[in-house]
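Working notes, structure below.
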Amino acid sequence: MNEGIGGGDAVRLYGEEFNERPLELYQRLRREYGPVVPVLLEGDLPAWFVIGYRELNHVASNPGLFARDTRRWNAWDRIPDDWPLMPYVAWSPAMWMTEGAEHQRRAGVVSDALDAIDRTELAVLSEEVTDGLIDALAGDGEAELMEGYADPIPPLVFARLLGLPEAQVPALITDIADSAGSDENAIPAFQRLHERLGDLVEHRRVHKGPDITSRMLAHPAGLTADEVVHDIVILLAAAHLPTSNWIGNTLRLMLVDERFAMTLQGGRGSVSQALNQVLWEDTPQQNVIGRFAVHACELGGHTIRAGDMVVMGYSAANADPAVRPISPGQDAGNRAHLSFGQGEHGCPFPVPELAEIIARTSVEVLLDRLPDI
């Protein structure tokens with residue numbers, strides 16, 4: 001059993017190999033270290049990288065051992081105020097940082113507000129948004145499909161669902177993307193995002209409407225305006241990049257991969273299969289700074305100390321040979337991937353369903369409107 005973290009055998013989870021060839025890196029780490037890897041984050045800060053399917057499921061399903069409150073981290077005395085990953089670990093009174101009964105209360109409000117969304121109306125709204133984007137790019141003869149199509153779809157849709165004025169969406173998209181980065185723009189962008197959505201909540205306290213924000217404010221659980229702001233910030237950020245990447249990765253699979261090249265002439269039959277295949281092979285959210293050990297325990301042959309950080313390696317875990325078929329493309333219908341998380345801090349109901357409606361509509365509309373793409 002190995003003990004300690006961040007020693008001489010720790011792997012840097014940043015740099016060229018991580019940024020440019022992550023899948024190759026995950027395979028190498030599995031061969032050399034097994035399901036749990038001692039790693040260093042930017043600034044050479046120690047963490048455990050969980051890449052085994054069984055081990056990741058264990059971490060996500062046991063909040064009594066691995067909890068979400070970042071104040072448990074035992075390395076805070078080493079963290080500079082301008083650390084680029086600070087937006088992911090700075091504690092806030094948001095739903096994703098809460099635990100136990102408080103987390104259930106907050107997650108229940110979000111789930112109820114989202115479940116009130118009419119699925120047919122969401123599909124119609126998604127089609128309206130995607131048609132507008134295609135109208136803007138179709139005449140050029142070429143397009144960069146991430147920046148010009150996949151990236152703006154989720155915030156355009158969710159801005160309407162939240163009751164946010166459409167004029168604010170371009171700046172919102174920029175701030176969400178910047179806040180998810182790891183440079184000096186991340187923290188200011190996150191602060192602007194919080195202020196913008198704070199203004200929205202204040203407006204909806206007075207001018208209620210048929211939107212997510214109003215429903216959260218009116219929920220019987222009695223969230224404060226500040227709690228609603230924090231949870232909407234996280235909801236919007238979580239809805240944007242993972243869904244955009246899901247759309248983009250699915251389009252790449254269907255337009256480039258030979259396994260799907262023959263299915264496009266027949267129409268939409270393979271879209272659902274491609275969406276599911278991406279969740280296994282090229283998951284939109286590959287790694288998440290996710291849990292902190294409540295007390296010392298054993299995981300994957302290592303002793304994890306109280307307060308150690310655990311990075312959830314969803315992409316690597318989905319590729320674990322213990323759960324994946326040998327041949328690619330044999331996962332049709334298998335939804336046991338970990339791409340939406342697991343346990344009480346997985347994506348709350350009905351987020352996966354709503355995200356799939358947006359992603360599927362976005363892919364179908366593009367292929368219908370531009371069949372020769």
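The values are calculated or read from the model by the stated rules, or taken from the named source; none is laboratory data. Nothing here was measured: the structure is a model prediction, and the numbers come from that model. Using ideal geometry, Cβ is built from the backbone for each residue, glycine included, and neighbour counts are taken over all protein chains shown. To get the accessible areas, we keep the full protein, side chains included, count just its heavy atoms, and leave off ligands, DNA and RNA. Shrake-Rupley method; radii C 1.70, N 1.55, O 1.52, S 1.80 Å.
A few points about this structure:
- Considering residues of region 273-319 that are modelled with pLDDT of 95 or more and charged (D, E, K, R) only, the residue most open to solvent (accessible area, probe 1.4 Å): 305
- Residue 153 being open to solvent by less than 30 Å² (accessible area, probe 1.4 Å) and more than 20 Å from the chain's Cα centre (by Cα): no
- Answer residue from region 232-248, given it is at pLDDT 90 or above and of a type in the set (Gly, Ala, Ser) and is farthest from residue 273 (Cα to Cα) among those: 244
- Here residue 135 clears all of (1) farther than 22 Å from residue 348 by Cα; (2) modelled with pLDDT under 85 except the condition numbered (2).
- Flag for residue 116 being farther than 28 Å from residue 368 by Cβ, without any contact (Cβ under 8 Å) to a residue 40 or more places away in the chain and small (Gly, Ala, Ser): no
- Hits in region 83-99 - residues which are part of a helix (DSSP H, G or I) and open to solvent by 30 Å² or more (accessible area, probe 1.4 Å): 88, 96
- Among residues of region 56-82 that are at pLDDT 95 or above and open to solvent by 40 Å² or more (accessible area, probe 1.4 Å), those with a beta-carbon under 7 Å from a residue that is among the charged types (D, E, K, R) and not in a helix (DSSP H, G or I) at least six positions away or on a different chain give the pairs 63/99; 74/305; 74/308.
- Candidates in region 22-44 are the residues that are assigned to a loop (DSSP other than H, G, I, E, B) and modelled with pLDDT of 95 or more; of these, the one that is surrounded by the fewest Cβ atoms within 10 Å (Cβ to Cβ) is 34.
- Check on residue 107, in contact (Cβ under 8 Å) with a residue 24 or more places away in the chain, assigned to a strand (DSSP E or B), aliphatic (A, V, I, L, M) and buried (at least 18 other Cβ atoms within 10 Å of the Cβ): no
- Residue-level analysis places residue 144 among those that are without any contact (Cβ under 8 Å) to a residue 40 or more places away in the chain, out of contact with any Leu (no Cβ under 6 Å at 6 or more places or on another chain) and closer than 27 Å to residue 372 by Cα.
- Any hit, region 175-183, residues being over 18 Å from residue 238 (Cα atoms) and polar (S, T, N, Q): no
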